[in-house]
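The values are calculated or read from the model by the stated rules, or taken from the named source; none is laboratory data. What you are looking at is a predicted structure, and each value in this text was computed from that prediction instead of being measured. Neighbour counts are summed over all protein chains in view; Cβ atoms, including those assigned to glycine, are modelled from backbone coordinates with ideal geometry.
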Ligand code: FDA
Ligand code: NAD
């Protein structure tokens, strides 16, 4: 008969949020056998951002166990042994295919069942694939995506098999920018293709994008904007050889990497919990519409107190903090205590080559570019403020020191008033330093 197991707490998903939730459970006190993490991945929770950065370095590449959670925020590295010492069960290589919240039962692909009293949904996102919208030839070999360790290992193997070859990167978002750099560092001839007039339009203004596009061009990366890949050619082995673009151009390709966005993995809960804006709707304590069922990380649409709006965030800082909040709430309820509402300040970052940026707050209203955004600068340092209703609500900074990054975070939180936008532009970082 298939296995049937019972736990007090189950975390479904074994990514970033799961790792930080486990650490918080241990901190708050959990008895051996009470907590299980169920993950379809074969490894203990790790810091996913490493996969598009250190994992792809040609030398001294990051490998597990080096980047298990919680090293990404300067915390303790939770090795598989840590979980066994705490009596936390890591149920790996186990995909849940059915969730019945009424009977509090999860069922795996092999028919094993797991029951819980409290469930934390931490299933994260899956990648949007070109095959999802029927792009011709998109199932060819070496058309790759990046979400988990298995994807990253495939990519590393492809880079070895197609040494010094040509790479086409489809998408101008986070994956597009980070992977173009990674392939270039691995000596590939790299071309990026994206439909928008400039890269990362969800966050970057044209002034910000001007810097990164120029910087990438100076590194030898070719950029094709305003079009999309509509088909692929392959050789007799089924290996991709070219990407065909909507504007008629054909780009030779030994490897294609696609980063056209993610989708939160919520299908298991459809019709069982309230959803909103593509995610599972929660309160300020990450509890869903079903008592005892929490949603954390990429899948949660939660009240963002600062902006008085329900939002979903697909970044690691929120995955960590939402996990900690939910576990504190769960434990506080047991002891009759209370926890303050989640009051999140959005924080996103990225790095590639020798550049690194941070962003805090909200990118709405009028943008005010400051500093030196010349892509040829020896030490580029520039940023942007976003001003709405006479207040600074968001700040972006490239090349900031730790202190300067703390200063822009303070600004985004405090939302200081600005009387004179031209003066703000002239003052640049000085303005942030005074807040
Ligand atoms: P996460 O995706 O980490 O974990 C979900 C887990 O659930 C996975 O282990 C998955 O296999 C498992 N799962 C899903 N469905 C399941 C099922 N049915 N049964 C069993 N297990 C299941 N952010 C940032 O701020 N800075 C950065 O630099 C980066 N860099 C970055 C690089 C790459 C390559 C990616 C893919 C993403 C980033 N991010 C990022 C985003 C960040 O990593 C992301 O927001 C968090 O990992 C979200 O954490 P979660 O725990 O919600 O999902
Ligand atoms: P994204 O949403 O950042 O970017 C998607 C990009 O796809 C768009 O900017 C657009 O240029 C492009 N696009 C859309 N449709 C297209 C099409 N048909 N053809 C070509 N291009 C098209 O998503 P992503 O870069 O795929 O990242 C996936 C997930 O991983 C996101 O949740 C992201 O937040 C996360 N991630 C974050 C970081 C970071 O925070 N530093 C790094 C990597 C990944």
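Some points to look at:
- If you go through region 113-153 and keep only what is more than 15 Å from ligand 2 (Cβ to nearest atom), in contact with a strand residue (DSSP E or B) (Cβ under 6 Å, 6 or more places away or on another chain) and over 23 Å from residue 234 (Cβ atoms), you end up with 113, 114, 115, 116, 118, 119, 120, 121.
- Residue ranges of strands (runs of 3 or more DSSP E) in region 265-375 with at least 1 members more than 10 Å from ligand 1 (Cβ to nearest atom) and surrounded by fewer than 20 Cβ atoms within 10 Å (Cβ to Cβ): 279-281, 300-304, 309-312, 355-361, 366-372
- Sole residue being touching a helix residue (DSSP H, G or I) at 6+ places or on another chain (Cβ under 6 Å), within 15 Å of ligand 1 (Cβ to nearest atom) and modelled with pLDDT of 95 or more, chosen from 36, 21, 50: 21
- Residues of region 19-33 that are part of a loop (DSSP other than H, G, I, E, B) and crowded, with 18+ Cβ neighbours inside 10 Å: 30 alone.
- Among the candidates 278, 226, 238, 261, residue that is on the phi > 0 side of the Ramachandran plot, within 16 Å of ligand 2 (Cβ to nearest atom) and in contact (Cβ under 8 Å) with a residue 40 or more places away in the chain: 261
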